[in-house]
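The values are calculated or read from the model by the stated rules, or taken from the named source; none is laboratory data. Note that the coordinates shown come from a computational prediction; the quantities given were computed from them, not determined experimentally. Note that we place each Cβ from the backbone using ideal geometry, even for glycine, and neighbour counts take in every protein chain shown.
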Amino acid sequence: KQVRLSLRPPSFEPEVPWEFPRERLFVRLKIGEGTFGEVWRAKADGILGRPGRVAVAVKMLKVHYTPEERQSLIKELEIMKLLQPHPNVIQLLGCCTQSEPMCVIMEYAVNGNLQELLRRQRSAYNINDLSQDSPESNKQRNINLQLNDLKRFGLHVASGMEYIASRELLHRDLAARNVLVDENMVCKVGDFGSARDVIQMRQYESKTQRRLPIRWMAPESLVQCVYSQQSDIWSYGVLLWEVITLGSSPYPGMGGPDVINFIQKGCRMSKPTHCSDALYAIMKDCWNQFPPKRPSFSILRHRMIAILDEPG
Ligand code: ADE
C-alpha cells in the first residue's frame, strides 16, 4: 500500500483551497442516494473561481450515519482530491468539512446516472419499434444512431477509467448507475464512495446491509476479495453489457449465488441483441478468467474508437 502511494504522481495542485463557505452553498433538492450518502442538487456562489451561482451536486451523509459512513465520505473526498479535471470524470469543486453536515461538492451532471438514462431510452425504443407509421428505413436509421451513441458512452467511460487507472486508483464499483451524463451527453465516471481497502469494505458491507455489487465483480474479487485494475476492467465489460442492453440488470433471471457459480464455471453472458461481434469480443476480453489477460483501459479506449463507425 505504501509503495502504491509513493508511485502515485504528486497531487496536481496541492494549494487548491477545497474548503468552501457553507453560507455560499444553497442546497435545493435531493436527487439520489449514493453508496452511503445522499446527493442533493445545489447552487454554489463563486466556487473554484467560477462567476455567479453554478449548479453543483452535493454529497452528504444521511441523518443517522455511522462512523464508518463518515469515514467513507472522508475517503471519497480524499480520492477526489487526487483527480485532475478530466472530461470523463466527475470533478470535485469543494467541500465543507469544518462543521456538520459534512459536504462534498462536485460538478452537476444534468442528465443524471447512465443506468436511468438508458432505461428512459428504452421506452423511446419501444415506441419506435411499435410505431406502424414510421418507414423501415427510418427505424433503422434511428437504431443505428442510437448504437453509435451507446458505443460513444462506452468510449467515454474507458477514457475516464484510463485516467483513474493512471492515478493508481481503483474504482471498485464501476457500473452504469455510477456513471453520470452531462448536458452534452458526455459520460463521467462518478461515485468514488467504495472503500479502497478490501477488509474495511467487507465490514462496511455487513454494517450497512448494503449488498455487494456481485453482478459487476470479477471472479477473483468474489472468491478471494482481490481487487485490482483488472477487476475494474471486468466491471467495465459488465457496464458495456448494461449499455448495449439499455440498462438491463446483468445475468437476468439469475440469483446472486447462481451468478457466482456461473462465473466460476467459466460461463459468460451471451451476446445481446443489437450487439456487434466486435463489441461482444471486447466484453469477453474484459471477462477473461485470468486477470493479466484482460485488456488495459488504454487498449479498451482504442478498441472502442476502432468500432465507433463500424456498421451494426
Ligand atoms: N447523482 C449523483 N451524483 C450526481 C451528479 N454529480 N450530478 C447529477 N446527479 C448526480
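Before moving on, here are some points about what is shown:
- Tallying residues that are part of a helix (DSSP H, G or I), in contact with a helix residue (DSSP H, G or I) (Cβ under 8 Å, 6 or more places away or on another chain) and away from the ligand (no atom under 16 Å from the Cβ) within the range 165-193 yields 1.
- Whichever residue in the range 78-90 is in a loop (DSSP other than H, G, I, E, B) and surrounded by fewer than 17 Cβ atoms within 10 Å (Cβ to Cβ) and, among such residues, is farthest from the ligand (Cβ to nearest atom): GLN84
- Residue in the range 280-299 that is among the β-branched types (Val, Ile, Thr), in a loop (DSSP other than H, G, I, E, B) and out of contact with any Ser or Thr (no Cβ under 6 Å at 6 or more places or on another chain) present: no
- The one condition in (1) touching a residue at least 60 places away in the same chain (Cβ under 8 Å); (2) closer than 24 Å to SER194 by Cβ; (3) more than 18 Å from the chain's Cα centre (by Cα) that LEU239 fails to fulfil: (3)
- Scoring SER231 on the criteria (1) crowded, with 21+ Cβ neighbours inside 10 Å; (2) among the polar types (S, T, N, Q); (3) modelled with pLDDT under 95 leaves a single failure, condition (3).
- Scanning the range 18-52 for residues that are among the basic types (Lys, Arg) and either within 16 Å of the ligand (Cβ to nearest atom) or in a strand (DSSP E or B) (or both) yields ARG28, LYS30, ARG41, LYS43, ARG50.
- Scanning the range 99-110 finds no residues that are among the hydroxyl-bearing types (Ser, Thr, Tyr), within 16 Å of the ligand (Cβ to nearest atom) and part of a helix (DSSP H, G or I).
- Count of the range 39-53 residues which are at negative phi and surrounded by 13 or more Cβ atoms within 10 Å (Cβ to Cβ): 9
- If you go through the range 235-293 and keep only what is among the hydrophobic types (A, V, I, L, M, F, W, C), surrounded by 14 or more Cβ atoms within 10 Å (Cβ to Cβ) and over 18 Å from ALA158 (Cβ atoms), you end up with LEU246, MET254, VAL259, ILE260, PHE262, ILE263, MET269.
- The number of residues in the range 111-138 being away from the ligand (no atom under 16 Å from the Cβ) and either modelled with pLDDT of 95 or more or in contact with a helix residue (DSSP H, G or I) (Cβ under 6 Å, 6 or more places away or on another chain) (or both) comes to 1.
- Residue among ARG211, ARG215 that alone is among the basic types (Lys, Arg), out of contact with any Leu (no Cβ under 6 Å at 6 or more places or on another chain), closer than 19 Å to ASN178 by Cα and at pLDDT below 95: ARG211
- Index of the failed condition, GLU310 passing every other in (1) crowded, with 19+ Cβ neighbours inside 10 Å; (2) in contact with a Ser or Thr (Cβ under 9 Å, 6 or more places away or on another chain): (1)
- Among residues of the range 67-80 that are touching a residue at least 40 places away in the same chain (Cβ under 8 Å) and on the phi < 0 side of the Ramachandran plot, those with a beta-carbon under 8 Å from a residue that is of a type in the set (Val, Ile, Thr) and in a helix (DSSP H, G or I) at least six positions away or on a different chain give the pairs GLU68/THR208; GLU69/THR208.
- Residue match in the range 86-105 (condition: among the acidic types (Asp, Glu) and in contact (Cβ under 8 Å) with a residue 12 or more places away in the chain): no
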